[in-house]
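Encoded as C-alpha cells, the structure appears first; notes follow it.
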Amino acid sequence: MPEEFPETAAPADKAPERSDTHDLKNLLSAVVGFADLALDDLGPGHPARESVEKAMAAARAAAARVDAMIAGEAVVRAVRAPGGAGAGDVPSVLVVDDERMMREVLCGYLSRAGYRVAAVENGRSAIAEVSRARPDLVITHIVMPEQEGIQTILELRKIAPTLPVIAVSGGGPDHSAYDTYLSAARNLGADRVFRKPVDRATILAAVAELAGPAQGPAIIR
C-alpha cells in the first residue's frame, strides 16, 4: 500500500497531520525571521549584511518551493478522497522512489496536473501496489534498496505486460553509470527513460502520451 497519501481526507473537526514538508516550511520561515532580526541588529553598511540578505532571499525562495509541495500533497488528498469528481476517469500513476523528496516532487507535478497519484519507496512495494490497484502508469527510480528498478521492471512485465513504465535515474557525477542503468531499463521494457533531474514539462508530456491526458488540475480542499 502507498504510505504517504491517505485514502481519506481528515475529518473537519480534526487537525490534519503535519508532514515533513510543513516542518521544513516552518524551519525556513524561522530562518527568514531570524535573518530579518539580524539585519536590524547589523544596521546599514555592516560587512555581514550582504551575506545575511542572501541567506534570507535563499530561504524565502526555498519556502516558496515547499509551499508548492504542500499544495501538491493537498491535491493528492483531494483527488484520492472518496467521491472525488471524476476520479474513475482520471489516469492513475504510481511513483516508485526511495528518496522521499523526489517522491513528493513527482507527486506534486502529477497531482497538480490532475492525475491520481500513489507513491511507494521500493520495487517490492511497487509490485504489491500494481497487483492491488492496477495503475495506468508506473514511474520508477532505478537504484533503490529492498528491490531496485531493473528487477521491478522485469516483474512488472510479467504481471502487467502492457503497463507503461517510465524509468528515471542519475543526478550524480558518473553519468556513464546512470546511462548504463537507463539503457538496461529500456532494453528490458521501460517505455521512456530519463536522467535526473527531469523537468516538469518533460515528465508530464511523457505521462500524457503513455497514460492519457489528465482531466485538468484537481481542486485543493
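Take the conditions at pLDDT below 90, surrounded by fewer than 15 Cβ atoms within 10 Å (Cβ to Cβ) and either more than 20 Å from the chain's Cα centre (by Cα) or not small (Gly, Ala, Ser) (or both) and apply them to Pro145. Does it pass? Judged against the criteria, Pro145 is a match.
I want to confirm something. Restricting to the stretch 132-152 and keeping residues that are of a type in the set (A, V, I, L, M) and assigned to a strand (DSSP E or B), which single residue is farthest from Asp179 (Cα to Cα)? Checking each candidate, the answer is Leu137. The criterion of being more than 19 Å from the chain's Cα centre (by Cα), of a type in the set (Asp, Glu) and not in a loop (DSSP other than H, G, I, E, B) does not hold for Glu129.
Suppose we keep only residues that are assigned to a loop (DSSP other than H, G, I, E, B) and modelled with pLDDT of 85 or more within the stretch 46-91. Which one would you say is nearest to Ala118 (Cα to Cα)? If you could, list the steps in order and put the result at the bottom.
First, pick out the residues of the stretch 46-91 that are assigned to a loop (DSSP other than H, G, I, E, B): 46-48, 81-86, 90-91.
From what is left, the residues that are modelled with pLDDT of 85 or more are 46-48, 90-91.
Values: His46: 50, Pro47: 49, Ala48: 46, Val90: 13, Pro91: 11 Å.
Filtering the stretch 46-91 for residues that are assigned to a loop (DSSP other than H, G, I, E, B) and modelled with pLDDT of 85 or more, the one nearest to Ala118 (Cα to Cα) comes out as Pro91.
Determine which member of the set Glu129, Glu146 is in contact with a Lys or Arg (Cβ under 6 Å, 6 or more places away or on another chain) and of a type in the set (Asp, Glu). Don't jump to the end; show me each part of the working.
Numbers: Glu129 fails: in contact with a Lys or Arg (Cβ under 6 Å, 6 or more places away or on another chain).
Being in contact with a Lys or Arg (Cβ under 6 Å, 6 or more places away or on another chain) and of a type in the set (Asp, Glu) holds for just one of Glu129, Glu146, which is Glu146.
Considering only residues that are farther than 26 Å from Ala214 by Cα and at pLDDT 90 or above, look in the stretch 151-176 and name the one that is surrounded by the fewest Cβ atoms within 10 Å (Cβ to Cβ). Quick ask: steps written out before the conclusion?
First pass over the stretch 151-176, keeping only residues farther than 26 Å from Ala214 by Cα: 151, 154-155, 158, 170-176.
Adding the requirement that they be at pLDDT 90 or above leaves 151, 154-155, 158.
Values: Gln151: 15, Leu154: 13, Glu155: 16, Lys158: 8.
So, considering only residues that are farther than 26 Å from Ala214 by Cα and at pLDDT 90 or above, the one surrounded by the fewest Cβ atoms within 10 Å (Cβ to Cβ) is Lys158.
For beta carbons closer than 9 Å, sequence separation of 6+ or different chains, a first residue in the stretch 195-212 that is among the hydroxyl-bearing types (Ser, Thr, Tyr) and a second that is surrounded by 15 or more Cβ atoms within 10 Å (Cβ to Cβ), the qualifying pairs are Thr202/Phe194. Asp40 meets each of the listed conditions (1) at pLDDT below 80; (2) exposed (fewer than 12 other Cβ atoms within 10 Å of the Cβ); (3) within 30 Å of Leu106 (Cβ to Cβ); (4) of a type outside the set (Gly, Ala, Ser) apart from (3).
Scanning the stretch 177-218 for residues that are crowded, with 19+ Cβ neighbours inside 10 Å and not in a helix (DSSP H, G or I), we see that the one that is modelled with the lowest pLDDT is Ala218. Can you pull out every residue in the stretch 90-102 that is crowded, with 24+ Cβ neighbours inside 10 Å and not hydrophobic (A, V, I, L, M, F, W, C)? Correct list: Asp97 only.
The values are calculated or read from the model by the stated rules, or taken from the named source; none is laboratory data. Everything quoted here is computed from the prediction, not taken from an experiment. As a convention, Cβ positions derive from the backbone with ideal geometry for all residues, glycine included, and neighbour counts pool all protein chains shown.
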